[in-house]
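Here is the structure we will look at.
The values are calculated or read from the model by the stated rules, or taken from the named source; none is laboratory data. The shown structure was predicted, so the numbers you read here are calculated from the model rather than taken from an experiment. FYI the Cβ positions are ideal-geometry reconstructions off the backbone, even for glycines, and counts take in every protein chain you see. Heads up: the accessible areas ignore ligands, DNA and RNA and are worked out on the full protein's heavy atoms, side chains in. Shrake-Rupley method; radii C 1.70, N 1.55, O 1.52, S 1.80 Å.
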Amino acid sequence: NIYLYIHNKQRGYVMDVLFINPGSGKDVYQSLSTDYSGIGTPYWALLLSQSCRSQGYDVGILDILAERISIKDSIKRIKDINPRLITLCVYGENVNSGTTQMSGAVRLAKALKDDGVDIPISFVGSHVQALPYKVLDEEREIDFIFTNEGVYALWNVLKLDNLSDKKQLGTIKGIGFIKDGKPFLTQPEKIVPKDRMDLDLPGYAWDLLPYKDKPLDLYRSPMWHGEYDHDKRTPYAALYTSLGCVFQCEFCMINILNRDDKDEIGVAGNYNKMRFWSPEFIIGEFDKLIDLGVETIRIADEMFLFNKRYYVPLVELLAERNKKDNLRIWAYSRIDTIRRPEVLHKLRKAGIKWLCLGIESADRNVRLEISKGKFEDVNIVEVVNQVHEADIGIIANYMFGLPTDTMETMEKTLQLSYDLCTIAWNAYAAMPLPGSQLYKDAVERGFKLPEDYAGYSFHAYTTQPLPTDELTPEQILKFRDEAYHKYHTYPPFLEKVRKTYGELAVNNILENTKIKLKRKILGD
């Protein structure tokens with residue numbers, strides 16, 4: 001590493017690798033991108049940066065999304081920095097938005113090549129992990145990709161003397177590139193094992209993120225997480241305490257970063273596993289954020305409330321830091337993993353004021369079908385009441401257009417959401433997200449797929465949901481958009497928000513409902 005450092009400085013390189021969080025904006029969120037959509041901290045750029053620093057490499061982060069800088073200005077900055085390697089980390093605020101972020105990432109990569117920038121360009125992210133051959137074949141401006149999370153592959157790539165030498169690249173596990181005119185993948189690289197998480201993924205490089213007046217003030221939470229008050233949405237940060245999930249839901253692609261094969265289409269359910277940082281280590285990351293003045297924090301784990309060995313010690317440590325009840329934290333959980341009132345009270349003391357529950361559907365058969373029989377049948381109303389009794393709010397997630405959905409079951413789900421009347425509500429049309437079983441099934445059955453990367457977004461103009469046996473994509477998307485408006489103007493919901501957060505919150509919700517998403521398949 002000392003040799004490489006001296007050698008690189010002599011050649012004029014300012015840093016070894018520049019991690020880039022690409023922009024997307026209106027491609028994905030339309031008019032919501034201006035004031036309403038969240039802007040999350042780029043967790044994989046942060047993780048990979050800190051990991052590479054632990055190996056002695058010089059790194060930097062360019063967050064195009066947070067700074068809202070143009071392609072032209074981005075290219076100028078990259079030229080000024082002159083890194084040995086450009087790595088676009090193509091993930092979004094939610095992991096399933098990795099495909100939608102490809103629109104901005106590919107746009108930047110093409111602009112760099114057109115401008116004559118000869119720095120090698122690499123991609124890491126869920127989309128290239130799901131469809132490595134397709135990406136390499138279609139996006140020739142990408143010099144190489146990482147085929148899973150990329151930690152060890154990245155370390156080994158940076159040891160090379162010439163990052164443009166295909167012969168040298170061919171010796172590195174866990175990457176893909178064009179060889180003899182065709183996509184080529186090297187042998188898979190392992191992911192960081194659980195017993196090495198604290199060592200090889202040693203936290204987040206928070207100090208590398210841009211800000212305007214104070215750290216993390218360019219990032220903002222979802223509206224509801226800021227209590228529907230724009231001023232409480234920032235500064236904001238998101239972090240993982242674990243990676244992956246043990247379940248195999250067919251609509252999900254969260255586990256695609258664990259892939260360890262060379263299949264043409266990766267299916268996340270084949271790589272279902274979880275890894276954890278130790279509670280003692282990860283509390284240090286919370287301490288850094290708290291010291292920076294961040295109180296609005298998202299725990300991004302897909303299954304935070306799964307393993308008591310890890311989450312109970314962590315929430316107890318967080319409770320020690322939340323004596324003034326000033327933390328605003330939210331975390332994910334499945335509806336069938338919350339049945340312990342004593343745990344809920346621990347969460348509340350720790351500053352976890354919201355749980356995001358994947359209710360998905362009111363119909364038991366629809367839920368079981370997509371979860372391969374591993375979704376325990378529970379009394380949803382009872383569970384939600386338990387959470388509310390612990391003074392924890394709920395952001396309820398629903399899905400419309402799941403494979404066995406009908407108009408009747410979707411109406412049933414909407415009615416359940418009225419009955420539960422949670423303080424926050426979100427619903428998606430079922431999408432064939434690359435990396436999910438739904439995507440592979442859609443390809444095999446010849447279903448129409450989105451025409452561009454942005455079309456995989458739930459909010460984009462080109463959104464193209466899947467059909468069911470009884471419903472067309474148009475019917476499903478129309479139902480979803482109308483359901484969003486109905487719930488957010490539902491008088492009992494607005495009254496609950498008024499009593500909890502005040503009149504300002506209600507007014508902000510109503511202003512949000514005035515923004516109507518344009519949908520190509522609906523003729524608008």
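I'd like the distance between the alpha-carbon centres of the range 438-501 and the range 147-163, rounded to an integer number of Å.
Distance between centres, Cα-based: 38 Å.
Rounded, prolate or oblate: pick one for the range 111-198, where a ≥ b ≥ c are the square roots of the eigenvalues of its C-alpha gyration tensor, a/c under 1.5 means rounded, and failing that, prolate if a/b is larger than b/c, else oblate.
prolate
With runs of 4+ DSSP H residues as the only contributors, calculate the mean residue ellipticity of the chain at 222 nm using -39,500 (n - 2.57) per run, divided by the residue total and rounded to the nearest 500.
-10500 deg cm²/dmol
Scan around Glu302 for amide H atoms under 5 Å from its own, H built in the peptide plane at 1.01 Å from N, and keep only partners 5 or more places away or cross-chain.
Gly244
Among 129-139, 347-357, 153-163, how do they line up by average Cβ neighbours within 10 Å per residue, starting with the highest?
347-357, 129-139, 153-163
Along the range 383-399, what does the Karplus equation 6.51 cos²θ - 1.76 cosθ + 1.60 (θ = phi - 60°) give for ³J(HN,Hα), rounded to whole Hz, x for Gly and Pro?
5, 4, 4, 4, 5, 4, 5, 7, 6, 10, x, 10, 9, 8, 9, 10, 10
Given that just one value was derived from the coordinates, which of [x] 163; [y] 143; [z] 240 is volume of the Cα convex hull per residue in Å³?
[y]
Kindly write out, for the range 426-438 in residue order, the coupling ³J(HN,Hα) from the Karplus curve 6.51 cos²θ - 1.76 cosθ + 1.60 (θ = phi - 60°), rounded to whole Hz, with x marking Gly and Pro.
So the J values, rounded to whole Hz, are 9, 9, 10, 7, 4, 10, x, 5, x, x, 9, 5, 4.
Which translational diffusion coefficient, to the nearest whole µm²/s, is obtained for the range 481-524 from the Stokes-Einstein equation, given a Kirkwood hydrodynamic radius over C-alpha pairs, 20 °C and 1.002 mPa s?
The diffusion coefficient I find is 188 µm²/s.
Are there any GluC sites (Glu not before Pro) in the range 413-487 that are in a DSSP loop and have at most 16 other Cβ atoms within 10 Å? List them by number.
Glu451, Glu470
For a quick check: with amide H placed at 1.01 Å from N, whose amide H comes under 5 Å from Tyr236's, ignoring anything fewer than 5 positions away on the same chain?
Long-range HN contacts for Tyr236: Tyr219.
Name the cysteines of the chain that stand alone by the Cβ rule: no other cysteine Cβ under 4.7 angstrom.
Cys52, Cys89, Cys245, Cys356, Cys421
Could you pull out the trypsin sites (Lys or Arg not before Pro) across the range 286-335 that fall in loop regions by DSSP (anything but H, G, I, E, B) with no more than 14 other Cβ atoms inside 10 Å?
Lys323, Lys324
Can you classify the range 20-113 as rounded, prolate or oblate using the Cα gyration tensor, where a ≥ b ≥ c are the square roots of its eigenvalues, rounded means a/c under 1.5, and otherwise it's prolate if a/b beats b/c and oblate if not?
Since a/c reaches 1.5 but b/c is at least a/b, the shape of the range 20-113 is classed as oblate.
When only DSSP loop residues count, what GluC sites (Glu not before Pro) in the range 261-294 have their Cβ near at most 14 other Cβ atoms within 10 Å?
Glu264
Leaving out ligands, DNA and RNA, and with a 1.4 Å probe, what % of the accessible surface on the range 46-193 is carbon or sulfur?
Here it works out to 47 percent.
Around Glu189, which amide H atoms from residues at least 5 apart in sequence, or from another chain, sit under 5 Å from its own amide H, with H modelled in the peptide plane?
Hits under the 5 Å cutoff: Gly174.
Restricting everything to alpha-carbon atoms, can you work out Rg to Rh for the range 206-267 with a Kirkwood hydrodynamic radius?
1.15
Which FRET efficiency value, to the nearest 0.05, do you get for Asn326 and Thr472 by plugging their Cβ-Cβ distance into 1/(1 + (r/R0)^6) with R0 = 35 Å?
Here the calculated transfer efficiency is 0.15.
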